[in-house]
Amino acid sequence: MPDQRLDYLRILYVGTLDYEQALRVQELTHQAVTTSQAPPTIIVVQHHPVLTLGKHADHKFLKLALSAFKDLGVDVVQTDRGGEVTAHMPGQLVLYPIIRLATFKLTPRSWVEVLEQSVIEALAQFGISAATDPINPGVWVKNQKICAIGIRIKDRTSVHGIALNVSNNLELFDKIVPCGIPDRGVTSMANCLEKVPTLAETASVLLDILSGMLLSRARV
């Protein structure tokens with residue numbers, strides 16, 4: 001799918017990448033955005049099976065040894081985002097918005113709130129009632145997380161983003177304590193709906209909502 005521009009907001013589709021490859025795309029995009037060589041950009045990607053840990057994540061939330069994950073073909077990657085361990089795999093929609101917060105009159109906290117609200121509104125369009133939690137970031141369907149959120153602000157520009165479970169197999173989550181929350185579960189759009197939208201359909205709705213939120217803030 002080709003790149004698209006909504007005014008000066010770019011949507012970059014990169015397909016399915018290893019996490020390290022996607023991280024490199026983020027780094028190059030972040031450099032371009034912070035130096036005004038590229039417009040604010042939302043990277044759209046799926047990942048091969050991988051566990052990612054925040055910069056202060058505790059390895060006690062991994063239920064298997066690192067060697068066991070390697071035997072399963074699952075990479076384990078330490079990142080510089082916030083939060084604990086989470087899992088990525090095909091069928092999960094991952095967005096990495098690389099934006100200068102000042103352009104959209106955002107603080108780190110309000111940026112997380114915009115991400116959460118955009119996911120909630122997108123899920124509502126598919127008939128799923130979701131909400132935030134006052135303590136734990138992300139988007140929840142009752143007590144099950146359907147979308148993880150982890151960001152970092154570097155040079156006043158965001159990196160990392162959101163991972164929305166659409167049609168992905170959730171078995172990998174059973175091998176960790178997702179986001180370090182032991183008494184909560186994980187769900188997906190496929191678990192909530194009889195007719196599951198494609199990733200492309202989900203991305204189209206979510207990007208339309210998120211882009212609209214950002215552009216409306218930029219124009220105030």
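Read-outs throughout are calculated quantities, based only on the coordinates presented, and are distinct from any laboratory measurement. Model, not experiment: these values are computed from the prediction. Virtual Cβ from ideal backbone geometry, glycine too; neighbours counted across all protein chains shown.
Rounded to the nearest 20 Debye, what is the dipole magnitude of region 1-135 about its Cα centre when Lys and Arg each give +1 and Asp and Glu each give -1 at the C-beta?
Details: 11 positive and 14 negative charges, 45 e Å.
So the dipole magnitude of region 1-135 works out to roughly 220 debye.
According to the Cα gyration tensor, what semi-axes, each the square root of 5 times an eigenvalue, does the equivalent ellipsoid of the chain have, listed from largest to smallest in whole Å? Numbers along the way, then the final one.
Values: eigenvalues 132, 81, 55 Å².
Over the Cα atoms of the chain, the ellipsoid semi-axes are 26, 20, 17 Å.
Just going by the charge dipole of the chain, with Lys and Arg at +1 and Asp and Glu at -1 on Cβ, which of ILE146, LEU115, ALA102 is farthest out on the positive end?
Ranked along the dipole, the leading option is ALA102.
Which far-off residues, 5 or more places away or on another chain, put their amide H under 5 Å from the one on ILE146, with H placed in the peptide plane?
VAL139, TRP140, VAL141, THR187
Report the local net charge at ILE209: Lys and Arg +1, Asp and Glu -1, summed over other residues whose C-beta lies under 14 Å from its C-beta. Write out the running numbers ahead of the final one.
Numbers: positive: ARG217; negative: GLU113, GLU116, GLU121, GLU201, ASP208.
Taking every other residue near ILE209 into account, the sum is -4.
If N is the number of residues in region 1-114, what value comes out of its Cα radius of gyration divided by 2.2 N^0.38 Å? Write down the numbers at each step before the final one.
Working: Rg = 15.6 Å, N = 114, 2.2 N^0.38 = 13.3 Å.
The value comes to 1.18.
In the chain, how many lysine pairs have Cα atoms under 19 Å apart, counting only pairs 8 or more places apart or on different chains?
Summing the qualifying lysine pairs gives 9.
Take the Cα atoms of region 141-186, build their convex hull, and give its volume per residue in Å³. Please report the intermediate quantities before stating the final value.
Working: hull volume 4.4 nm³, N = 46.
So the per-residue Cα hull volume is 96 Å³.
Given the peptides 140-148, 198-206, arrange them by the average over their residues of other C-beta atoms within 10 Å, most packed first. Kindly include the intermediate steps, with their values, before the conclusion.
Working: 140-148: 20.3, 198-206: 16.8.
With the highest mean Cβ count within 10 Å placed first, the list reads 140-148, 198-206.
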